[in-house]
Each structure stands twice: as structure tokens, then as C-alpha cells.
Amino acid sequence: MSDLNVGIVGLGWVAGAHIDTFKAVNGANVTAICSRREHNPDDLEEQYGIPLRSYTNYEQFIADPDIDIIDICTPHPFHPDQAVAAAEAGKHLIIEKPISIDYEGAKRIQSAVSLNGVSVCVCFECRFSKHFTLIRSLVDEGLLGDLHYAEVDYYHGIGPWYGQYDWNIKKDFGGSSLLTAGCHALDSMLFFMDGKVEEVTSYQAKSRSQHFGPYEYKTTSVTILKFEGAERIAKVTSCVDCLQPYYFHVHLVGSAGSLLDNRIYSEKLRGMNKDKWSTLETSLIDSGDVSDHPYEPQFQAFIDSIGSGKPMPLTDFNTAFETHRVVFAADLSAQENRPVNLSEFE
């Protein structure tokens, strides 16, 4: 099978990280970009180190028969229209999160993907990190027993010093704290806790710091989640108005032990000191810089899945859609100040 050609729409810093990542991925090459601005191919090659065809017209871009995959790296509100058009053109899709800032847009993509039979990878790449791979392995090996509680929290101050700040502050672009960033934490919590969420209750607040004053939406949310079936609950914080180092907090509590970030206590491991955590050496998710994100194993898995005809593991469309359903339910709960059952998002 010949290499698959990837075309990237949007040419910001996330796109740059995707381009660099694909240089290390076997079976695929980035060959084209689409941007609102004209780009000289020589300048593009000098900047990114590979030859790239340049488009300004999206319809012409997705009609290019030499492009197999459309990689959507534009601001959030553009994702549904671009994803639907690309799916209808028969292109496989990589979609940066969130796939949409409203449920209707997400449903439109779901329908287009289903009708046209294309493969999709959604960029919840933290699932492919060494840290979260280790946590999932601990859960699967039973070292924590049956999980009944989880806290997964996202702290990342997205202020004027951050690249996406100028558009992220707008309600119709950022959407909410959960949609623009904290969805990584919520998705990770769902990755660790098996089963479906039944009901959510969410609250929102906003910092009084002048750095975050321009935000058109509340920038911190806390969401309490109840799962179907057995008594299991979770809490997810999304805080993009903090003044502190980036922190992705994970605390899992089970019938045989607990995990805190990269530390563990387990009754299954004889001889452990119950008064002290034992540290697990791994690479933590400790940066909001996209250049540090584990795109490479995710994109390699996606390319391999297309080649084998098997489903994309971990971050396929249906899995990501479920995460978005919970996010939309949480935002509705905060907006209407009431618990929201997931049955409201069918």
C-alpha cells in the first residue's frame, strides 16, 4: 500500500505540531495545506522542511484526488462544516478537539461520517501518553480493584501570554472552559472509568484577574458525574484562568488501592508501605505546549488502522462523540443550574 497523503487545513501552531509529527509517522506524508492567506511554496518548504502545495479555497482542497486525509486544525467553530464537507468528499479525517462547540454540529459530523464510511481520529491524544497508558494498564491488571471514584482535573492558565488567547476568549470560538481545553481531562476520566455517564451536575466561576477579564464565558468549571449501574462517581475540574504551572491531576480510588498522578498504593502488591506513596516512573502530561503532546503514537495508530481496515483505537469518532455528549450535558447543567441526564442528548 502506498503512503497516504495528508492535507492540513488551518496553519497555526497546532498545524505546525501535526506537520512535524507526521515526519516520524510511517505510511503517511503531509503534502498540502489550506489557509485563508496565500503562501509561497518555497517559504512553506523553508519553514516546515517539506514541499507543500498551498490552497486558499477549501472546496478545491478537499476535491484534490491526491489527498487521502483532511487534518482539521482550524478554530473550533469551523470544525463541523469542514469535517462534513471532507467526509462527503470521501476523505478520512483527523479533527482537533473539540469537534464542535455545540451538540448539533457534533451530530452533523456523526451523520456524515456514518453515511460516507470514512475513518476518523479525534485529537484526544493524551490517551496515547505514557502516563495514561500506564494508568490504564494498572486498572486493567486490577491493581486498584474496582474503581468507584475518580478526580481528573485540568489546570492551564490560558492568558494573554498564550497563542490562542485572542480567539479563545470569544464565546462563539472557545465555547466554554470544558470545550476549549478541559475536555482533555473529562475524556481522560472516561478512559480510566469504564461505563457510561448517567447524570452530570456542573458549576462555573471566573477569576477576577485582569488577565482573564476579556473572556466572554466563565473560565473555571467543576463537574460531578454519576455513572450508570454500580455506585461510581467522578469529578472533573477545568480551570483555564489559573496563575500557576500547568497541572493535569489524576486521582483514582478503588477497592484494592489508589493512584495519585504517578504514585500508587495497592493491597495487591505485598510489602508496600501504606503510609507512603510508591512512585511510578513515567513521562507525565505536564505541558500545554502542543509540541509536547503524544501525537506521534496516535497518528501512527490511525494510519495503521486505515491500512489494516480495523477501527481506530482509543480516539475513534464514536468514543470522542461520547466525551462531547458529556461535555455538552455539563455545560447545559451549569447554564440552567440543574442536574442533566445524558438521555437529554440522544
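Summary of values
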item	result
Gain on full stretching of the segment that runs from ARG338 to ALA230 - 0.36 nm per residue minus C-alpha separation	36.6 nm
Residue-averaged [θ]222 nm for the chain, counting only DSSP H segments that reach four residues, each worth -39500 (n - 2.57)	-9500 deg cm²/dmol
Point-to-point label distance, ARG37-ASP3, nm (Cα→Cβ direction, 7 Å offset)	2.7
LYS310 paired with LYS274, simple spin-label distance in nm, labels 7 Å along Cα-to-beta-carbon	4.2
For the chain, size of Cβ-based charge dipole, Lys and Arg +1, Asp and Glu -1, in debye	920
Relative contact order (%) - region 256-328, alpha-carbon pairs under 8 angstrom, separation at least six	15
Gain on full stretching of the segment that runs from ASN116 to TRP13 - 0.36 nm per residue minus C-alpha separation	34.1 nm
SER137/ASP66 FRET efficiency (R0 51 Å; Cβ-Cβ; nearest 0.05)	0.80
Per-bin percent of Cα-Cα distances, region 170-210 [10 Å]	21, 47, 25, 7, 0
C-alpha long axis of helix 295-308 to longest principal axis of the chain, angle in °	70
Under the Karplus curve 6.51 cos²θ - 1.76 cosθ + 1.60, θ = phi - 60°, whole-Hz ³J(HN,Hα) for region 213-221, x wherever Gly or Pro sits	x, x, 4, 8, 9, 6, 9, 10, 9
Rg ratio (alpha-carbon, reference 2.2 N^0.38 Å) - region 188-307	1.34
Reachable aspartates and glutamates, given that their alpha-carbon falls under 20 Å from the alpha-carbon of LYS170 and they are not under 8 places away in the same chain	ASP81, GLU96, ASP102, GLU104, GLU216, ASP241, ASP331
Residues listed by number, region 1-22, amide nitrogen under 20 Å from ASN29 label point at 7 Å toward C-beta	1-9, 16-22
Average Cα contact separation per residue, the chain, under 8 Å, 6 or more apart, as relative contact order %	19
Cα Rg, Dmax (largest Cα-Cα span) when computed across the chain, Å	20.4, 64
Reference-scaled alpha-carbon Rg (2.2 N^0.38 Å with N residues) for region 197-267	1.42
Listed pairs LYS97/LYS235; LYS130/LYS218; LYS23/LYS130 exceeding 24 Å between Cα atoms	LYS130/LYS218
Segments 302-308, 178-184 sorted - mean Cβ within 10 Å per residue, highest first	178-184, 302-308
Per-peptide average of other Cβ atoms within 10 Å, ordering 131-140, 204-213, 321-330 highest first	321-330, 131-140, 204-213
Total charge dipole magnitude, region 254-346, about the Cα centre, Cβ charges on Lys, Arg, Asp, Glu only, Debye to nearest 20	540
Signed unit charges on C-beta, dipole axis of region 187-311, positive-most listed residue HIS249, ILE224, HIS293	ILE224
Region 4-118: Rg to Rh, with Rh as the Kirkwood radius over Cα pairs	0.96
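No lab work stands behind these numbers, since they all come straight from the coordinates. Source: prediction; values computed, not measured. Because the Cβ atoms are built from the backbone with ideal geometry, glycine has one as well, and the counts that use them run over all protein chains shown.
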